[in-house]
Amino acid sequence: MLPSMLLIATALTEELEIVLNLCSSRTKIRGLGISIWEGVRGKKSLHILKLGAGPKRAASALERALAFMPAERILIIGYAGALDPDLRQGELVAVEQATLLSDKTWGAPLTQLELGESWPLDSSKEICSMAHAAGLPIRCGSALTSFCVIGAPSHKHFLFQRFHTAIVDMETAALARVAHSVAVPMSCVRAVSDEAGDDFLATLTYAPADGSLRRAAKTLAAGGWLRRYSQWRERSLAARQSLSRFLTCYLDQA
């Protein structure tokens, strides 16, 4: 069994690379059935886990990782969509509370969706204080975890008005449930990749009647692939830079 330490987890490859690039050395750990690395920054060692996207996949990866290597603390970093219209591209949110959209109402019209379980996260105020001292744009806020993309501005507006959560993502609350089940403190910092009014992910947004093939067909019919990809790259770049600056401060002061 490997020694316990800080575990940093991300859903996407782009987010993972932020962490790996800040390590002076990193070694992929083989034979565990999960995508996990041991990294070194300065004199500190950490584990880095790629979760995969979506609440079920991410939670399963974290459960398997913790079975092999109990962590003293967990930090989740990644992108998020803004529900709060005051949030701007690249702005950071230290998550105070993460809430799942209830799977009991999943598949119903958006207006009928209800909240499921909710978990408090660790050290959000301390993280905000540290980041503010470093001049980073950050605020404390709540996160809503969805089973799919919420990309239409009208959907983001409705969810903000109804549930008053700052951001939406696809993993945080599911990961918080796993962390709480094993009593490991978990923090989460996410950077806004799409603002509340952005519509470039609208064709992928929640649509109960649509399967994955139908959503793909709608996206194709909407056209503008190069423009949409360019928009995503621009927004994810701002988010990636903010996360890199935050993580540099976090690791060097931890």
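Observations
- Net charge over other residues, Cβ less than 13 angstrom from the Cβ of P85 (K, R count +1; D, E count -1): -4
- P(r), alpha carbons of region 1-160 - 5 Å bins starting at zero, rounded %: 1, 8, 15, 19, 20, 16, 11, 6, 3, 1, 0
- Span from the region 88-120 Cα centroid across to the region 29-69 one, whole angstrom: 24
- Per-residue Cβ neighbour counts within 10 Å put T10, T172, T111 in the sequence T111, T10, T172, beginning with the fewest.
- Scanning residues 5 or more positions from I76 or on other chains, those with amide H under 5 Å from its amide H are A9, S187, C188, V189, with H placed 1.01 Å from N in the peptide plane.
- Annotation: the residues S60, S242, sorted from fewest to most other C-beta atoms within 10 Å of their own C-beta, follow the order S60, S242.
- Percent RCO, i.e. relative contact order, over region 58-153, from Cα pairs under 8 Å lying at least 6 residues apart: 32
- Exposure proxy ranking for E15, E117, based on other Cβ atoms within 10 angstrom of each Cβ and starting from the fewest, stands as E117, E15.
- Mean separation of Cα contacts under 8 Å (6+ apart) over length of region 1-137, as relative contact order %: 23
- Highest mean first, the peptides 76-82, 95-101 sorted by other C-beta atoms within 10 Å per residue fall in the order 76-82, 95-101.
Values in this text are rule-based calculations from the coordinates and carry no lab data. Since this is a predicted model, take the numbers as computed values, not measurements. Heads up, the Cβs are rebuilt from the backbone with ideal geometry, glycines too, and the neighbour counts pull from every protein chain shown.
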